[in-house]
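**Student:** Shown below is the structure under consideration.
The values are calculated or read from the model by the stated rules, or taken from the named source; none is laboratory data. Given the structure is predicted, the values throughout are model-derived calculations rather than measurements. Note that we place each Cβ from the backbone using ideal geometry, even for glycine, and neighbour counts take in every protein chain shown. Surface areas here come from the heavy atoms of the whole protein model, side chains and all, with no ligands, DNA or RNA. Shrake-Rupley method; radii C 1.70, N 1.55, O 1.52, S 1.80 Å.
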Amino acid sequence: MLGRMIFFVVICLLGACTTTQQPKEAKQILNYAKSDADFQALIAKVRQQSAKPEDIDRMLRLYPLTSGYAPQSAVEQQAKLQSQQFMAANRWLNCIQVNRQLLQINYTSLTAHYGMAVCSQNAGDEVSAKFHNWVLDAYIEAIWRSGDGQTSDTAFYINSTNDLYAFIQLHQLVAVEQELIYRNQLPIQKVVVQNPENKKNYTWYFDMTAQFRRAHIDKLEGKS
């Protein structure tokens with residue numbers, strides 16, 4: 001009898017027992033269908049140029065709750081590099097194409113709207129250039145409405161690292177130093193920015209909660 005028990009224990013240790021618990025099924029935490037529908041409705045208002053400031057504010061807060069939000073993806077950075085290369089080569093139609101594709105992924109992308117504005121202008125499409133300049137300005141103003149960036153308590157709300165750097169560059173500044181800190185357990189990116197003309201430094205704070213929260217939700221949903 002003892003020998004049979006020992007044999008059973010050994011078999012279990014080797015992984016042959018069938019009583020092991022199965023991993024729990026991942027649950028969907030966010031209502032992607034609703035967020036996606038609401039976000040598309042706001043995009044429609046922007047395209048009709050009927051969006052109000054509160055609509056733009058809501059877009060920035062809503063996008064991280066949609067199914068397309070992927071702040072860790074390299075797609076936006078790759079598109080930005082391609083766009084810059086096409087600009088340098090005066091390949092305006094290629095530049096428009098890559099930024100149009102980026103807008104299909106992320107309609108709140110500062111990089112994409114900037115690229116569309118510049119390349120449309122150089123391609124002779126004044127209507128498109130004017131429209132994307134308007135959208136870009138609207139998003140920048142929305143970020144400024146979220147805070148003044150002067151302290152961790154008044155940090156700018158930002159959706160991704162790509163938009164963080166785009167926001168800095170669009171103000172004709174460069175990032176020279178950065179540090180991740182926490183305020184009330186919320187992630188804040190502290191960035192020292194510099195005016196390249198007079199070499200004067202400023203410190204700006206960015207609230208990175210959106211992408212940290214999404215990374216945690218993706219993990220709970222079994223996506224990472």
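**Student:** State whether the residues of the range 116-129 include one that is closer than 18 Å to Ala210 by Cα, modelled with pLDDT of 95 or more, assigned to a helix (DSSP H, G or I) and open to solvent by less than 20 Å² (accessible area, probe 1.4 Å).
**Tutor:** No: the range 116-129 contains no residue that is closer than 18 Å to Ala210 by Cα, modelled with pLDDT of 95 or more, assigned to a helix (DSSP H, G or I) and open to solvent by less than 20 Å² (accessible area, probe 1.4 Å).
**Student:** Same structure, new question: Condition (residue is touching a residue at least 24 places away in the same chain (Cβ under 8 Å), surrounded by fewer than 21 Cβ atoms within 10 Å (Cβ to Cβ), in a helix (DSSP H, G or I) and more than 16 Å from the chain's Cα centre (by Cα)) applied to the range 89-103: is it met by at least one residue?
**Tutor:** yes
**Student:** Looking at Tyr205, Tyr165, which one is in contact with a Lys or Arg (Cβ under 6 Å, 6 or more places away or on another chain), among the aromatic types (Phe, Trp, Tyr) and surrounded by 12 or more Cβ atoms within 10 Å (Cβ to Cβ)?
**Tutor:** The conditions single out Tyr205.
**Student:** Additional query: Considering Lys45, Lys34, Lys52, Lys27, which residue is touching a residue at least 60 places away in the same chain (Cβ under 8 Å), open to solvent by 50 Å² or more (accessible area, probe 1.4 Å) and not β-branched (Val, Ile, Thr)?
**Tutor:** Lys27
**Student:** A further question on this structure: Is it the case that Tyr107 is of a type in the set (Phe, Trp, Tyr), in contact (Cβ under 8 Å) with a residue 40 or more places away in the chain and not in a helix (DSSP H, G or I)?
**Tutor:** yes
**Student:** I would also like to ask the following. Which condition number in (1) closer than 21 Å to Tyr165 by Cβ; (2) surrounded by 11 or more Cβ atoms within 10 Å (Cβ to Cβ) is the one that Ala74 fails?
**Tutor:** Evaluating Ala74 over (1) closer than 21 Å to Tyr165 by Cβ; (2) surrounded by 11 or more Cβ atoms within 10 Å (Cβ to Cβ) leaves (2) as the failure.
**Student:** Name the one entry in Asp153, Asp148 that is in a helix (DSSP H, G or I) and either closer than 27 Å to Leu65 by Cβ or open to solvent by 40 Å² or more (accessible area, probe 1.4 Å) (or both).
**Tutor:** Asp153
**Student:** Residue under question is Thr108, and the condition is that it be under 17 Å from Arg213 (Cβ atoms), under 18 Å from the mean Cα position of the chain (by Cα), open to solvent by 30 Å² or more (accessible area, probe 1.4 Å) and not hydrophobic (A, V, I, L, M, F, W, C); does it hold?
**Tutor:** Criteria not met by Thr108.
**Student:** Which of (1) crowded, with 17+ Cβ neighbours inside 10 Å; (2) part of a helix (DSSP H, G or I) is the odd one out, the single condition Asp137 does not satisfy?
**Tutor:** (1)
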